[in-house]
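This report refers to the structure that appears directly beneath it.
None of the figures in this text is laboratory data; all of them are computed from the coordinates on show. If you're wondering where the values come from, they're calculated on a predicted model, not measured in any experiment. So basically every Cβ, Gly included, is an ideal-geometry build from the backbone, and we count neighbours across all protein chains shown.
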Amino acid sequence: MESTQPSRLTAIALTFMAVIWVSPFSWLILNAFNPLSTGQLEIPSVVGLDNFGEAISGNAGRQFVNSMLIAAGTATLSVVVGISAAYPLSRLKIPGRNAFLWALVLLRMLPAAGVLVPLYFTAQRTGLLNQLGVIIALTILNLPFTLLLLKNFFDTVPIELEEAAYVEGASLFQIVTRIVLPMSRAGIAVVWFFSFTGAWNEFLLPLIFARVQDAFPMSVGLYAAFGQQGAINYGFLTAFSIIYAAPAVGVYFLLRRNMNTGFAGVGVKG
Amino acid sequence: MSDVTLRGIRKSYGALEVVHGVDLDIKSGEFVVFVGPSGCGKSTLLRMIAGLEPITGGEISIGGRVVNDVPSPQRGIAMVFQSYALYPHMSVYENMAFGLKLAKTPKAEVDQRVREAARILQIEAYLDRMPKALSGGQRQRVAIGRAIVRDPKVFLFDEPLSNLDASLRAQTRVEIAKLHDTLDATMIYVTHDQVEAMTLADRIVVLNSGRIEQVGTPLELYREPVNTFVAGFIASQRMNFIDVSATGNGLQLPGKKMLALSHPQLSQVRTLGVRPEHLELADATTADLSGKLAVIEQFGEYALAYVELPSGEAITIKLEGAPDLQLHDTIHIKVPVGVIHLFDEAGRALR
């Protein structure tokens, strides 16, 4: 029975790894569903959704809505601005367009905190120290990535399809909305979901821009929840964390489905 | 009326001129094929007629109206692209109805015209399929169907068969010929394949380096090519060209044989052209040319024999049936005087 030796060792090692990985999550889930949570890793005596109720009502609910607004707003604005800029970049022979795109990417590599001060003063002067300001600032920071990705997707739409549509009488707007965009669905979905999660996870900008409690998104709310009630309410905190993490999981599955069905390219050969 | 007239058409990309003044009259209902090697400007010319490329100089008119500044959709043309350019996210029906819907055609009429085109092309069964679920030949039909539903005055085909395999190409060729007969529309067809040109065209336009070399019916081009380029390009087996020198009463062939001949411009002849199918086998005493058989290709109904002359020139002969010839044997060839073509130093035909 020599052959079982390594697999038993592997099994033990894997179990060990699994325990290490799983225990924080099980702590999170056990506490979230335990209305009498104490912050210990224990099997709850009562199971209930009270913590979740607390985490979506009042201030916390307000923060969920704020997060959704910021994330969906940023994602949508990124896609709209990205499409309008990436299409000409893909189709027109603009001198130095690649240098321009890569310069944008270089700018994106710089840490966001590095441009925080000028961003803040710009927002202050233009009266945008609010959620709209957060959306605009995040869109601007997203744009290099958005542009590059969408341009690459538009590049894969054969120019002959646009020519065919043009000969058939389509205006530029009709060509873009009825040929190019439907064929770039996957790319647009990727950009939207990535921008959405990026904005959802964003902490620094909302913290600095939205300085009133009512405007805080969940990321800031989570930070503020520590020590707010004197003692830490672990049940509330864990339920809040789960709700905060849920969109990322959802986006993952949506994205996967979209990536599988989105590429509608059709080859020339039969 | 859907004549197409080209007057002094030029096209430049920056300082590089690729089409150098093309004049051409295409009559209503005519099937004209532009043929030439890659880079000869045939596709560019077609795209200028389609309105997809701006014209650098000259004048294009369709149906008597100058269309230089008329946008493509208003020119009354429909184009079939080499890659078919079907919209992959739309069904066959939607692909065919796209142009009509853009033109705000009533729904009932769209439906009637799409179904009529589908019937002509026998693609009624695929109307609900997506393009990626079709074979190459079916996609080709949909692309043609998309052109038919718009009922254009002029059909433009840009190498529509080059992505099909050989048997399907022959089949589709016949269908396009039938379609032209049914629709009675003007058709302009671009190809680099001289077989398509010969079989489909009412008239062939042979292009080379942005210039028209010759315009004529397939048989005119076959029988009376104006220069060595056209002579070498048209017909399935390339014409043989043999360097000759003129003497007082004939032509000096390689191998020191004389070809007795009288011609008013005999002294200018530099090249003798003769098609492989016009050469005949002979015996050593009557032969005009002799050489070693380098390769023989047997097709059953005919054979192509490639003969190397001692001077190094290679001659192709097309022989009926399946001749019993051995490789490296000496082959004796007779050049019948009645079917030869004579060219001067610049490659122009002498008549």
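For the range B:289-309, list residues with backbone N below 18 Å from a point placed 7 Å from the Cα of B:His328 toward its Cβ?
Hits in the range B:289-309 for B:His328 at 18 Å: B:291-297, B:306-309.
Among all helices in chain B defined by DSSP H, which have a length of 18 Å or more along the axis from Cα atoms plus a Kyte-Doolittle mean of at least -0.5? Mind showing how you got there, number by number?
On the way: long enough: B:107-121 (21 Å, -0.62); B:136-149 (20 Å, -0.05); B:166-183 (25 Å, -0.18).
Qualifying helices, which must be both long enough and hydrophobic enough, are B:136-149, B:166-183.
So, in Å, what gap is there between the alpha-carbon centers of the range B:86-160 and the range A:108-177?
35 Å
Using mean Cβ contacts within 10 Å as the protection proxy, how do A:31-40, B:152-161 order, highest first? The partial results should precede the final answer.
Numbers: A:31-40: 17.4, B:152-161: 23.1.
Top to bottom by mean Cβ count within 10 Å: B:152-161, A:31-40.
What would the Debye formula give as log10 I(q)/I(0) at q = 0.09, 0.17 Å⁻¹ for the alpha-carbon point model of chain A, no solvent?
After summing over all Cα pairs, the log10 values are -0.60, -1.26.
Classify the range B:240-350 as rounded, prolate or oblate, taking a ≥ b ≥ c as the square roots of the eigenvalues of its Cα gyration tensor: rounded when a/c is under 1.5, otherwise prolate if a/b is larger than b/c and oblate if not.
Values: a/c = 2.15, a/b = 1.84, b/c = 1.17.
Taking the square roots of the gyration eigenvalues as a ≥ b ≥ c, the range B:240-350 is prolate.
Applying 1/(1 + (r/R0)^6) with R0 = 51 Å to the Cβ-Cβ distance of A:Leu104 and A:Ala246, what FRET efficiency is obtained, to the nearest 0.05?
With R0 = 51 Å, the Cβ-Cβ based efficiency is 0.95.
Would you please state the base-10 log of I(q)/I(0) at q = 0.05, 0.10, 0.11 1/Å for the protein assembly as shown, with intensities from the Debye formula using one equal scatterer on every alpha carbon?
Values returned for q = 0.05, 0.10, 0.11 Å⁻¹ are -0.43, -1.01, -1.11.
Give me the distance between the Cα centres of the range B:204-232 and the range B:275-345, rounded to whole Å.
A separation of 25 Å, based on Cα centres.
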